[in-house]
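Just below is one structure, and these are the notes that go with it.
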Amino acid sequence: MNPLQDKRIVLGVSGSVAAYKAAELASKLTQAKAQVDVVLSEGAERFISPLTFASLTGRKAYSSLWDSDAHVVHVGLGEAADLLVIAPCSANTLAKLATGQADNLLTLTVLAARCPVLVAPAMDGGMFEHPATQANIQTLRQRGVQVLGPAQGRMASGLLGWGRMLEPAEILGQLRLVLSRGGPLAGRHVLVSAGGTQEPLDPVRYLTNRSSGKQGFALAQAALDLGAQVSLVAGATAASLPTPYGAERIDVDTAAQMAEAILQRAGSADVLIMAAAVADFRPRQVQPHKIKKNLLPQVELEPTPDILLAVAEQRRRIGWPAVVVGFAAESQNLLENAQDKLARKGLSMIVANQVGVPDAGFAVDTNRVSLLWPGGAVEHLPLLSKSEVAEEVLRRVVALLAEG
Ligand code: CTP
């Protein structure tokens, strides 16, 4: 399901001090199981050697146009590529691409490519803002080239401005997104909730739970990898997790805010996956000032809105979302409790996991879950990483959507 797996990626590197970051990108792409062919311009070779890339990718890195086999290489690389990305792309290479020049192996390969082309410009602020560069970028965009960044920040010259190359992790996210767009969830909107909510007691204290949000974020990534448009409603305990590239992220603190965020979007979503650990109760009154310790408080609690019940009601009226998946984290009677929630909340499927065991549940990177369907079918999955659990869940979601 990893959209980068076995993909042929041509990574073009042109002459910019940001060339060192291309080594990290080559390494990340290789780790993601892509086959990475690096093509350096002459300028790039002044900053970094082909040997660096060959060592990272395990494949030959190309540079000179005058290697004995280079004329065949550029056509072969260009035609075989699933995606071509130039990172960093210097002002000079941008200008060459805009005018269709082919004076080195990199620009020749771009002309031979029939795949999506992406460029990540890197140059000094003044050069990026120059009307010539802007016009070149415009031309390339009109031709369907995707321009990634640049970011704002401090540049090698010491200037602050627009012109820094995007970080390798961001470029990787963008490539992953481009390669996933034709997947089985293309055109589908998947809404995912993740993490735990926080229910305030006074201005400094709150009630919360141990959910890390990792499983929900992995579900959002898996849905993106299958081509979906993804909205991710993240509870407060997941605030520090990085947003899966390409997902719309809505950060919320409380159960009430999560309910509002979900109900606003559920009517137009094809799929809702409620992985969030929503607080079931909250202090009835939020104290406006910090409670002093000499006033040992009697905290009165009230129930929060049950989001899935509200979605079920809305779904009965309007028919959307087509598929609703719930989670059940239980410390005892896992299957009975999960089956009960499945029926009570009108779900298409429920993912049940045992909490309080060392290798599954909160905070860890692995999970052991069972999947339950209406009618009583149960499937027990082995111990998997949370990404693998997410892939398995999304596989079932694709099947449920196909059943209509
Ligand atoms: N859920 C919800 N709204 C709530 C509480 C939970 O939508 N206020 C969702 C969760 O996101 C999860 C499912 O309901 O997908 C089951 O949550 P869980 O906390 O296990 O069940 P509860 O309904 O809260 O029941 P109990 O606390 O008795 O286990």
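The values are calculated or read from the model by the stated rules, or taken from the named source; none is laboratory data. These numbers come from a predicted model, not from an experiment. Cβ atoms come from the backbone with ideal geometry, glycine included; neighbour counts cover every protein chain shown.
Here are some notes:
- When residues of region 327-353 are limited to those that are in contact (Cβ under 8 Å) with a residue 40 or more places away in the chain and closer than 15 Å to Asn367 by Cα, the one farthest from the chain's Cα centre (by Cα): Ala329
- So Ala135, is it touching a helix residue (DSSP H, G or I) at 6+ places or on another chain (Cβ under 9 Å), surrounded by fewer than 17 Cβ atoms within 10 Å (Cβ to Cβ) and at pLDDT 95 or above: yes
- Region 170-197: number of residues that are in a helix (DSSP H, G or I) and closer than 14 Å to Val398 by Cβ: 1
- Test: residue in region 269-286 that is surrounded by fewer than 22 Cβ atoms within 10 Å (Cβ to Cβ), within 12 Å of the ligand (Cβ to nearest atom) and either more than 30 Å from the chain's Cα centre (by Cα) or under 30 Å from Glu170 (Cα atoms) (or both): yes
- Check on Ser55, assigned to a helix (DSSP H, G or I) and surrounded by fewer than 17 Cβ atoms within 10 Å (Cβ to Cβ): yes
- A count restricted to region 190-231 and to residues that are farther than 30 Å from Val178 by Cα and of a type in the set (A, V, I, L, M) stands at 3.
- Residue match in region 352-373 (condition: among the polar types (S, T, N, Q), outside any loop (DSSP other than H, G, I, E, B), within 28 Å of Arg188 (Cα to Cα) and within 12 Å of the ligand (Cβ to nearest atom)): yes
- Some residue of region 81-94 being at pLDDT below 95, within 28 Å of Gln31 (Cβ to Cβ) and within 29 Å of the chain's Cα centre (by Cα): no
- Residue check for Leu175: within 26 Å of Ala98 (Cα to Cα) and touching a strand residue (DSSP E or B) at 6+ places or on another chain (Cβ under 9 Å): yes
- Residue pairs whose Cβ atoms lie under 8 Å apart, separated by 6 or more positions or on different chains, with the first residue in region 294-308 and assigned by TED's automatic domain parsing to the domain that holds Ala256 and the second of a type in the set (S, T, N, Q) and not in a loop (DSSP other than H, G, I, E, B), are Ile307/Ser193.
- Some residue of region 65-76 being crowded, with 21+ Cβ neighbours inside 10 Å and within 25 Å of Thr139 (Cα to Cα): yes
- Members of region 316-342 found to be within 13 Å of the ligand (Cβ to nearest atom) and among the aromatic types (Phe, Trp, Tyr), listed by number: Phe327
- Selection status of Ala328, surrounded by fewer than 19 Cβ atoms within 10 Å (Cβ to Cβ) and in contact with a Leu (Cβ under 9 Å, 6 or more places away or on another chain): no
- Flag for Pro303 being within 16 Å of the ligand (Cβ to nearest atom), of a type outside the set (A, V, I, L, M, F, W, C) and surrounded by 10 or more Cβ atoms within 10 Å (Cβ to Cβ): yes
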